[in-house]
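Here, each number is a calculation from the coordinates, and none is a lab measurement. All values derive from a computational prediction rather than experimental measurement. Here the Cβ is made from the backbone with ideal geometry for all residues, glycine too, and neighbour counts use every protein chain on show.
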Amino acid sequence: MADQRTSGGNAPKSIQVVLWPTILFFVGLFVLFLGERMLTTEGLQKGAATLASLLLLAGLVGIVSRRSSAKDAIEKRALGYLMLSGLAVILGVVVYLLFNLKSAGLQESLRSMLGKNYERASSVSQMFLPMMVLLGALPMAFIQQAVYTMTDGRGVAEAIEPHRITYSGQSGLSVALVAIFVAAANYVVTERNSKVDLARFQNTKTSETTRKVVQSLLRPIQVTLFFPTANEVREQVQPYFDELAKLSPNFQVQILDHALEPGRAKEMSVSGNGMIVLTQLDDKGKAGSRETINIGLNIDTARGTLLAFDGDVQKRLLQLSRPGRVVYFTSGHGERSFDTGALDLMKDDMRLPVGALRTMMVNLGYEVRTLSVQNGLAGKLPQDAGLVVIAGPTERFLGEEVSALSSFLDDGGHLLVLLDPTAEQTAIDLGPLLKRVGLKFTPQVLCHPERFAVRTHKDNDRENIVSTSFSSHVSVTTLSRNSGRAGVILPKSGFFERDTVMPAGVQLDFTLRSMPNTFADTNRNFQLDAGEKSQVFELAAAAQKMLEPGKDGKTKRELRLVAVGSADAMSDGLVPWLPNRVLILDSVKWLMQEEAILGEPVQDHDVPIVHTKGQEKLWFWLTTLLMPSLVLGVGLLYTRAVRRRRAS
């Protein structure tokens, strides 16, 4: 831009606008881009960098020369803005070429000068160039465009409007800063990637336990999803299995459409889409046992299945990968029942059942059976017994039964013993069984004067003692991580001690301890009396012992036993309490030698809102009488106040 012309007198001066310096400048930028991004040989790259530098300098010199010869102050200001923009771009180019020009001497000099900071400075130079190009080139282009629009179409302008020049420069700078901010934010987000899951079904995410099951697979399992291409349910479950497939080569996933693969569907006994088939494969890839989940194609009808999806998949995986896992509950000695229905006041046994405990074991993939004198309790226990549970017995055990359980334990069996301190004779009968692992149980109910779970707001609540102190044993790993925060409730609990004679090779660990000032309430008056112990008591124990290999010389055998001084701690009344539920899960998995998959599946259930008859009446009168009356009363008061204000 230059060449002022006057026609004499008061004729308006005119300004000749030229574009070649700016065009030359942008051609230089294009040549630099061409050399760095499209040319591959070193010689051509150096040639392109040199040519680009000359073009940029020529463009800048052209702008500077036009500015020095300009007579109009506004034109000088516009050219000054262009000059500053050009200098910003050239600064970025110079810094970039210093670190990226393939010249051995130059790079060695920079390395010796910067030392350890050379690599960091080199990385910064690559980001510095595009930033400076944006900060310089965009304002330059915007200002040049604004000046050119003030001409008559042939490059001659009567005058340059200063506010348009300023506004254009600011606009270009604003766009550049926004672009730099977006790029920087994108870089930070990429480097510090975090994911916020707002999915409708949070439980279609893999739990830590399910991931451990997949990672420990010894044989291949193939998962076949029968879904059409576009389906909402498929969008929920496919990412779940894709994530698991990344954890183990033994976990394979394929997606088929029933309409396109009728032969494969018939082979797997699948009648339509919306089915998930888990198949165990042998070493040769042939299909073995299968498990099927019918989830459906409609997202609304599939909602119930999706709520417990992770737990359902985990159960099927365990059934396929760990078959033959049988749990026996002893019966015939007043053990807790499996009745999970409503409390029946007409029943003789008013104790809480253990139906939820059985359900949890079934959900873990175990087969649950009962064990009595008729099927081996008084002789030799079934060979398929993976775990035997003695759930709060109150009646006497025969000597033959105790002997059979002892032999089962000595042969590498696993026992879960839930004791009731009010059944003193039963505790005496089972004493020899506990003695085999160096354990002694004292059937005295423990109480705490201050720290207990409130249930009836009476003195007998002091029997509901709480344990927040856990050992480092595997069976309480999850609880020990939250020691001091998670409290296991143990109503009517007795306590354990080490036996005077410790069997050789047995590792005994007391896993739960009571709080200080807990006392043994021998007379059951819920008060600390003279002569009653007040101390920290051992509430649960875990014992194990490695045995000699089996007859084949290879099979490892290890007896394991978990004893809890409160049968109510694992009853239906406390299974919903998370610390107690975690205690059950981790104890059972440790007993079944599955400590590698400790934890709980992801399961969300809609909890029903239940009201008593009195609460129902209260809600009825609140919604039908009280709230309408309150609204009506407020309205009347407001109306009276308005009328009084108008009258006054």
Could you check the spin-label model distance between Arg498 and Ser109? Points 7 Å from the Cα along Cα→Cβ, value in nm.
7.7
Taking 41 Å as R0, compute the FRET efficiency from the Cβ-Cβ separation of Lys435 and Arg120 and round it to 0.05.
0.05
Considering the dipole of the range 2-191 built from charges on the beta carbon (Lys and Arg +1, Asp and Glu -1) around the Cα centre, which of Gly28, Thr41, Ala184 is farthest to its positive end?
Gly28
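Please give the contour-minus-distance gain from Thr229 to Gln145: 0.36 nm per residue of separation, less the Cα-Cα distance, rounded to one decimal in nm. List each step's numbers first, then the result.
Details: separation 84, 0.36 × 84 = 30.24 nm, distance 5.07 nm.
Residue separation times 0.36 nm, minus the Cα-Cα distance, leaves 25.2 nm.
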From DSSP H assignment alone, runs of 4+ in the chain each adding -39500 (n - 2.57), the sum over residues rounded to the nearest 500 puts [θ] at 222 nm at -13500 deg cm²/dmol
Mind ordering 159-165, 56-62, 624-630 by average Cβ neighbours within 10 Å, highest first?
56-62, 159-165, 624-630
Neighbour count of at most 16 Cβ within 10 Å plus DSSP loop: longest GluC sites (Glu not before Pro)-free window in the chain
159-394
Picking from Gly531, Thr477, Leu398, whose Cα lies most toward the positive end of the charge dipole for the chain (charges on Cβ: Lys, Arg +1; Asp, Glu -1)?
Thr477
Dmax and Rg, reported as Rg then Dmax, of the range 268-331 (C-alpha, Å):
14.7, 44
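For Arg234, what is the net charge nearby, where nearby means another residue's Cβ is under 12 Å from its Cβ and Lys, Arg count +1, Asp, Glu -1? Please list the in-between numbers first.
Values: positive: none; negative: Glu232, Glu235, Asp242, Asp257.
Neighbour charge sum, excluding Arg234 itself: -4.
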To the nearest 0.05, how large is the calculated FRET efficiency for His457 and Gln425 if R₀ is 25 Å and r is the Cβ-Cβ distance?
0.15
The whole-number value in µm²/s of the Stokes-Einstein translational diffusion coefficient for the range 324-597, with Rh from the Kirkwood sum over alpha carbon pairs at 4 °C and 1.567 mPa s, is 69
Nothing charged except the Cβ atoms of Lys and Arg (+1) and of Asp and Glu (-1): what's the magnitude of the dipole of the chain about its Cα centre? Round to the nearest 20 debye.
2540
In cubic angstrom, how much convex hull volume per residue do the alpha carbon atoms of the range 208-320 span?
96
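Assuming R0 = 45 Å, what is the FRET efficiency of Ser629 and Tyr167, from their Cβ-Cβ distance, to the nearest 0.05? Spell out each step's value before the answer.
Numbers: r = 64 Å, r/R0 = 1.42.
Efficiency computed from Cβ-Cβ geometry: 0.10.
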Can you list which of the trypsin sites (Lys or Arg not before Pro) found in the range 201-269 are DSSP loop residues with at most 16 other C-beta atoms within 10 Å?
Lys205, Lys246
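Would you mind checking the pairs Lys266/Lys286; Lys284/Lys315; Lys380/Lys545; Lys533/Lys589 and listing those with alpha carbons more than 23 angstrom apart? Spell out each step's value before the answer.
Numbers: Lys266/Lys286 16 Å; Lys284/Lys315 25 Å; Lys380/Lys545 21 Å; Lys533/Lys589 34 Å.
Where the Cα-Cα span goes over 23 Å, the pairs concerned are Lys284/Lys315; Lys533/Lys589.
By how many nm would the segment from Ser69 to Asp384 lengthen if fully extended, with 0.36 nm per residue of separation less the alpha-carbon distance?
Values: separation 315, 0.36 × 315 = 113.40 nm, distance 10.26 nm.
Full extension from Ser69 to Asp384 adds 103.1 nm.
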Helix by helix, which DSSP H runs in the chain go 20 Å or more along their axis at the Cα atoms and have an average Kyte-Doolittle hydropathy of -0.5 or more?
20-37, 42-69, 73-100, 118-148, 162-191, 627-647
How far is it, in nm, from the label point at Phe181 to the one at Asp410 when both lie 7 Å from their Cα along the line to the Cβ?
8.0
Note to self: C-alpha centroids of the range 248-323 and the range 516-537 sit apart, in Å, by 56
Rounded to a whole number, what is D in µm²/s for the range 2-191 from Stokes-Einstein with the Kirkwood radius over alpha-carbon pairs (10 °C, 1.306 mPa s)?
86
Enumerate the whole-percent occupancy of each 10 Å bin, from 0 to the last occupied one, for all C-alpha pair distances of the chain.
3, 11, 15, 13, 11, 10, 10, 10, 9, 5, 2, 1, 0, 0
